[in-house]
Amino acid sequence: MKRLKIARVVFPIGLGKEFDYLVPESMNLKKGMRVLVDFKNKKKVAIVVGFKRESLYPQLKPIKEILDRFPSLSEEKIKFAKNLSKIYPYTYGEFLFMMLPPYLKKAKRLEASFLSKEGSEFKVSFVKADSFLERYSFWKEKIKKKLKEGSVLIFFPQLSYLEEARKVITLDFKEVEIIHRQQKEKEIFNNWLKSRRRSLILSTRVGIFYYPEDLTLIVIEEENSLYYFQEEKPFHHLVDVASILAKQKRIELILAADYPTISTYYLIKKKKIDLIDKSKKKKKELIKIIDLGNYQKKRIINPLLGELLRKNIEEDKSCLILWNKKGFSTFVTCSVCGYIYKCQRCYGYLKFSFKEGKGGCPYCGKKTEIGQVCSKCKTGYIKMVGLGIEKLRMILKRYFPQTRIEEWEKRTSNAKIILSTSKILSSLYQDSSFSVGFILDIDSWLSRLNYEATFESFVYLKKLSYLFTDNLYVFTYNKNHYLFENINEDWRKFYEKELSLRKKLKLSPFGIIAKITTRAKNENKLLERMKNLYNKLK
């Protein structure tokens, strides 16, 4: 009696299980191909991950159709998905479907074939330089060399950063492929298809799952960026996933930034990552810490700040003030019932902007109309609470009525005082374009409930210091914070201090922290569920 051929397939579901389907004799089916099958009485796309001769189930459904002429996912990618599923709480079937463009997750045919290539040596380097242009000038030659062997994948933290970098990179490399999440389904597919062989690919973090088989080099620009962590399913950090891939393929991984993350620095100390330092030496004491202990907290423009601004304006110097709160107010409330306006989409507090005449969500960007009377109690008037950058501009105008004061996005050459949020750091061209800088909200950065807050504040200050020819003044009520101890010294001193504190507290890279997010439609039920979970873990 002739034995039947049985295919093992997976679906993009959270059940870590392979499903058996009968392979008709007429089908020339291979591992890694997409097939159309009957799953729960619906036609579904599945991926073949292996074959067997026997099954525990007597009645097997046959595979209806092969969707690929050649395997769309190689043995290597199946192995990569399995490696990821050992680390992250997702099945390898889910990871395999992440490696397919959305267009191929449907019953669409694919005729293309792909060649797999493996490197010779796994190597990780960190390139430290003050700006993107300096870092790019270093790894540009490496890209040229690696493109002769296969493809190169370069990651950027944000689309705006990618678009600016693209203008620079295309001066040296005429053909580049772009992949990011905001592209339309067919556009992602076409770019994915074109980038399968000897291609230079520029991408945001989503591109790690779309890597070509002949990948020879991965570059992660601005590796200390917060945007490389994906805060939705599948939760992961790009650097971690890229390291797993580079190690499996035995290829080179280049991390690049002005300053490494604490985890990267720890691996540099352990000789597991090579440090290539191309940064320029800065003059000492560029960052000056100003103690606000003797001034009233309610006054944003204290006498010392006012005098420093007046002095620099008289000397015809350009001043940049950093205040990291958009809009006019930080939230909107009712003067009678105390109702606080929240975003209907994600429940973030709405910030009011006079320029737009609307409330805006700082998280999802949704705009909401806000009337003069409370929408809940219908009696109280709306009150703007907190200090946004628009309100700060109005306050400064009262102090300096004859001075041209503008926001960074709409600045002109005549402006003497420029106001900006941290968005100013998104520009690639961080040449010294201001004389003096003033940071008024560093205490807000340090007070965040996040063990990375001090490190992120350090990087924030150091990045900003590149923008000024003279001094950067940092106003704080917490002058004795360890962040400021060695702020103008060798950057390694701060890193060593941070590492010693983290070691005592068993924080990363000496320990693992898990974040548990719970969701529910009913707030009371959610709080009760969280309380029960807390008691179990306590």
- Taking region 118-145 and keeping only residues that are surrounded by 17 or more Cβ atoms within 10 Å (Cβ to Cβ) and closer than 25 Å to P71 by Cα, one is left with G119
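Before we move on, is E94 at pLDDT below 95 and within 28 Å of E231 (Cα to Cα)? Steps first, please.
On the way: at pLDDT below 95: no; within 28 Å of E231 (Cα to Cα): yes.
When the stated conditions are applied, E94 does not pass them.
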- Message: Return the residues of region 220-252 that are without any contact (Cβ under 8 Å) to a residue 40 or more places away in the chain and crowded, with 18+ Cβ neighbours inside 10 Å; say none if nothing qualifies.
- Response: V239
- Task: Among residues belonging to region 447-470 that are in a helix (DSSP H, G or I) and aromatic (F, W, Y), point out the one that is surrounded by the fewest Cβ atoms within 10 Å (Cβ to Cβ).
- Result: Y460
- Message: Tell me whether region 24-43 contains one or more residues that are out of contact with any helix residue (DSSP H, G or I) (no Cβ under 9 Å at 6 or more places or on another chain) and of a type in the set (V, I, T).
- Response: yes
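Report the residue count in region 47-92 for those that are within 29 Å of D214 (Cα to Cα), aliphatic (A, V, I, L, M) and touching a residue at least 40 places away in the same chain (Cβ under 8 Å). Write out each step before concluding.
Residues of region 47-92 within 29 Å of D214 (Cα to Cα): 47-51, 65-92.
Then keep just the ones that are aliphatic (A, V, I, L, M); that gives 47-49, 66-67, 73, 78, 81, 84, 87.
With touching a residue at least 40 places away in the same chain (Cβ under 8 Å) added as a condition, the list becomes 47-49, 67, 73, 78, 84, 87.
The number of residues fulfilling the criteria is 8.
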- Note on the structure: The correct count of residues that are part of a strand (DSSP E or B) and either closer than 12 Å to L467 by Cα or modelled with pLDDT under 90 (or both) in region 407-436 is 3
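Out of I268, I262, which single residue is touching a Ser or Thr at 6+ places or on another chain (Cβ under 9 Å) and at pLDDT 95 or above? Give the derivation first.
Numbers: I268 fails: touching a Ser or Thr at 6+ places or on another chain (Cβ under 9 Å).
Checking each option against the conditions leaves just I262.
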- Task: Select from region 28-78 the residues that are closer than 20 Å to T91 by Cα and assigned to a loop (DSSP other than H, G, I, E, B) and write down the one among them that is modelled with the lowest pLDDT.
- Result: K40
- Message: Checking the conditions here, which among G327, G380 is among the small types (G, A, S), buried (at least 19 other Cβ atoms within 10 Å of the Cβ) and in contact (Cβ under 8 Å) with a residue 12 or more places away in the chain?
- Response: G327
- Considering each residue of region 79-107, count those that are crowded, with 18+ Cβ neighbours inside 10 Å, among the aliphatic types (A, V, I, L, M) and in contact with a strand residue (DSSP E or B) (Cβ under 6 Å, 6 or more places away or on another chain), and give that number. 1
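Being of a type in the set (G, A, S) and under 29 Å from the mean Cα position of the chain (by Cα) is the filter here, so list the residues in region 52-100 that pass it.
Of region 52-100, the ones of a type in the set (G, A, S) are 55, 72, 74, 81, 85, 93.
Matches in region 52-100: S72, S74, A81, S85, G93.
The values are calculated or read from the model by the stated rules, or taken from the named source; none is laboratory data. Keep in mind the model is a prediction, meaning the values are calculated, not measured. For neighbour counting, all protein chains shown are included, and Cβ atoms are generated from backbone atoms with ideal geometry for every residue, glycine included.
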